[in-house]
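Trainee: The structure is given below, and queries will be raised subsequently.
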Amino acid sequence: MIRSVITGTGSALPRNCVSNVELAERIDTSDDWIVERTGIRQRYIAGEGETTSSLATDASRKALEAAGVAAEEIGLIILATATPDHTFPASATQVQHALGCGGGIAFDVQAVCSGFLYALATADSMLRTGMAKKALVIGSETFSRILDWEDRTTCVLFGDGAGAVVLEAQDVAEDGPGILATRLHAEGAHKDLLYVDGGPSTTGEVGKLRMKGREVFRHAVVNLAEVLNEVLDEVGMTGADIDWVVPHQANARILDATARKLGLPAEKVIVTVDRHANTSAASVPLALDVAVRDGRIKRGDMVMFEAMGGGFTWGASLARF
Ligand code: UT7
């Protein structure tokens, strides 16, 4: 059967790392508050010349190298981002140009923090229907540029970065690798709990991120537990069959609560929120790359991805690595 298999991962971070202590020198907050409420200890902030597409390009190069795939072989690039370089063209086209693999399909997907899950599912469908053979699926964000640095309830939570995977259509056995099941959801009624107060068709300005964190938190724990169970039910598995969960990295307490609901020990959850903070669509592929490169996630492991973000949008995807 044809499945979409992750054959390489890569990630990229801006040069500038900012600790909680450094933030507390400029904003009315403290290292203790941020660590206790979120688990975040530091974040990377994009500087001059570092953009969503440049970070995405760096992450993609590393993923291509890890997969042993040449840029010219890539027929599809899907970039998940809520912070594109420009309103248009899609940042994916700029990544395509920088990598030197023009001519194939390239577009952006906008599902905020769930963007990588949406992009992965879209690429999976396109590969399985033969629209391309090899794809780059990327999450890349520069949220620092849409933060209100006067609003301590949001600005301490986010960071910049990118993660990428090479996804290849392969003819595999039933027990072989690849994406096994995905479920995605959206519920637009909750827009006002997490949104950007601008945009080309409203204010004409880019706008700043606004979030009612406590309410988002409540929805996240419920929605994530539900969608994880939907995916497990679809493949007839339980939490005990999962080797690793690679979650969206918004808050260490959400990660703990979700793992508890699934009956998963904390050691099976890949946590990078402490060093990257919330990098929106980049957080899942960034965390995946960390855990692949440090040797935790190995070929054959059963890996669950999950995310929830603005919209609301949320989803989960299960893959045998
Ligand atoms: O990625 C998309 C999805 N996003 C999320 O999943 C985020 C979900 N939400 C969260 O992670 C948490 O709700 C937050 C980390 C955003 C906030 O944690 P919380 O435990 O829900 O805190 P809170 O908003 O209820 O605020 C508690 C207190 C407030 O003070 P009072 O009203 O109790 O006196 C805030 O003013 O903490 C205060 N506070 C801060 N204090 C120091 C809020 N931000 C800060 C800050 N430093 N940065």
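The values are calculated or read from the model by the stated rules, or taken from the named source; none is laboratory data. Keep in mind the model is a prediction, meaning the values are calculated, not measured. With ideal geometry, Cβ positions are generated from the backbone for all residues, glycine too; neighbour counts draw on all protein chains shown. Heads up: the accessible areas ignore ligands, DNA and RNA and are worked out on the full protein's heavy atoms, side chains in. Shrake-Rupley method; radii C 1.70, N 1.55, O 1.52, S 1.80 Å.
Trainee: Which one is farthest from the ligand (Cβ to nearest atom), of the residues in segment 3-29 that are of a type outside the set (S, T, N, Q) and open to solvent by 50 Å² or more (accessible area, probe 1.4 Å)?
Mentor: Arg15
Trainee: Is at least one residue of segment 238-245 within 16 Å of the ligand (Cβ to nearest atom), touching a Ser or Thr at 6+ places or on another chain (Cβ under 9 Å) and not assigned by TED's automatic domain parsing to the domain that holds Thr52?
Mentor: Looking through segment 238-245, at least one residue is within 16 Å of the ligand (Cβ to nearest atom), touching a Ser or Thr at 6+ places or on another chain (Cβ under 9 Å) and not assigned by TED's automatic domain parsing to the domain that holds Thr52.
Trainee: Output the number of residues of segment 186-203 satisfying the condition of being under 23 Å from Glu226 (Cβ atoms), surrounded by 12 or more Cβ atoms within 10 Å (Cβ to Cβ) and without any contact (Cβ under 8 Å) to a residue 60 or more places away in the chain.
Mentor: 0
Trainee: Run Glu267 past the list (1) in contact with a Ser or Thr (Cβ under 7 Å, 6 or more places away or on another chain); (2) away from the ligand (no atom under 16 Å from the Cβ); (3) at pLDDT below 95 and report the number of the one that doesn't hold.
Mentor: (1)
Trainee: Report whether or not His219 is within 18 Å of the chain's Cα centre (by Cα) and near the ligand (Cβ under 9 Å from one of its atoms).
Mentor: no
Trainee: Taking the stated definitions as given, is Glu72 out of contact with any His (no Cβ under 7 Å at 6 or more places or on another chain), at pLDDT 95 or above, in a loop (DSSP other than H, G, I, E, B) and surrounded by fewer than 22 Cβ atoms within 10 Å (Cβ to Cβ)?
Mentor: On the way: out of contact with any His (no Cβ under 7 Å at 6 or more places or on another chain): yes; at pLDDT 95 or above: yes; in a loop (DSSP other than H, G, I, E, B): no; surrounded by fewer than 22 Cβ atoms within 10 Å (Cβ to Cβ): yes.
Spelling it out, it is not the case that Glu72 is out of contact with any His (no Cβ under 7 Å at 6 or more places or on another chain), at pLDDT 95 or above, in a loop (DSSP other than H, G, I, E, B) and surrounded by fewer than 22 Cβ atoms within 10 Å (Cβ to Cβ).
Trainee: Does Val165 qualify as being among the aliphatic types (A, V, I, L, M), more than 17 Å from the chain's Cα centre (by Cα) and open to solvent by less than 60 Å² (accessible area, probe 1.4 Å)?
Mentor: So Val165 does not fit the description; no.
Trainee: Give Glu187, Glu174 a once-over and let me know the one that is of a type in the set (D, E, K, R) and within 16 Å of the ligand (Cβ to nearest atom).
Mentor: So the residue among Glu187, Glu174 that is of a type in the set (D, E, K, R) and within 16 Å of the ligand (Cβ to nearest atom) is Glu187.
Trainee: Do we find a residue being assigned to a helix (DSSP H, G or I), within 24 Å of Gln170 (Cα to Cα) and under 16 Å from the mean Cα position of the chain (by Cα) anywhere in segment 277-284?
Mentor: Scanning segment 277-284 turns up at least one residue that is assigned to a helix (DSSP H, G or I), within 24 Å of Gln170 (Cα to Cα) and under 16 Å from the mean Cα position of the chain (by Cα).
Trainee: Follow-up question, since we're still on this one. Looking at Asp256, Asp233, Asp274 in this structure, which one is in a helix (DSSP H, G or I), open to solvent by 10 Å² or more (accessible area, probe 1.4 Å) and modelled with pLDDT under 95? If you could, list the steps in order and put the result at the bottom.
Mentor: Details: Asp233 fails: modelled with pLDDT under 95; Asp274 fails: modelled with pLDDT under 95.
Among Asp256, Asp233, Asp274, only Asp256 is in a helix (DSSP H, G or I), open to solvent by 10 Å² or more (accessible area, probe 1.4 Å) and modelled with pLDDT under 95.
Trainee: Please find, within segment 131-157, the residue that is farthest from Gly102 (Cα to Cα) out of those that are of a type in the set (A, V, I, L, M, F, W, C), within 16 Å of the ligand (Cβ to nearest atom) and open to solvent by 10 Å² or more (accessible area, probe 1.4 Å).
Mentor: Only one residue tops the list, namely Trp149.
Trainee: Which condition breaks for Leu64 when tested against (1) surrounded by fewer than 22 Cβ atoms within 10 Å (Cβ to Cβ); (2) farther than 19 Å from Ala281 by Cβ?
Mentor: Condition (1) is where Leu64 drops out.
Trainee: Are any of the residues in segment 30-41 buried (at least 18 other Cβ atoms within 10 Å of the Cβ), within 15 Å of Phe143 (Cβ to Cβ) and within 16 Å of the ligand (Cβ to nearest atom)?
Mentor: Checked against the condition, which is being buried (at least 18 other Cβ atoms within 10 Å of the Cβ), within 15 Å of Phe143 (Cβ to Cβ) and within 16 Å of the ligand (Cβ to nearest atom), segment 30-41 yields at least one hit.
Trainee: Considering each residue of segment 277-321, count those that are open to solvent by 20 Å² or more (accessible area, probe 1.4 Å), away from the ligand (no atom under 12 Å from the Cβ) and in contact with a helix residue (DSSP H, G or I) (Cβ under 9 Å, 6 or more places away or on another chain), and give that number.
Mentor: Of the residues in segment 277-321, 5 are open to solvent by 20 Å² or more (accessible area, probe 1.4 Å), away from the ligand (no atom under 12 Å from the Cβ) and in contact with a helix residue (DSSP H, G or I) (Cβ under 9 Å, 6 or more places away or on another chain).
Trainee: Looking only at segment 27-47, which residues are outside any loop (DSSP other than H, G, I, E, B) and more than 18 Å from Ala252 (Cα to Cα)? So that I can check it myself, show each step before the final result.
Mentor: First, the residues of segment 27-47 that are outside any loop (DSSP other than H, G, I, E, B): 31-38, 42-45.
Within segment 27-47, just Ile45 meets the criteria.
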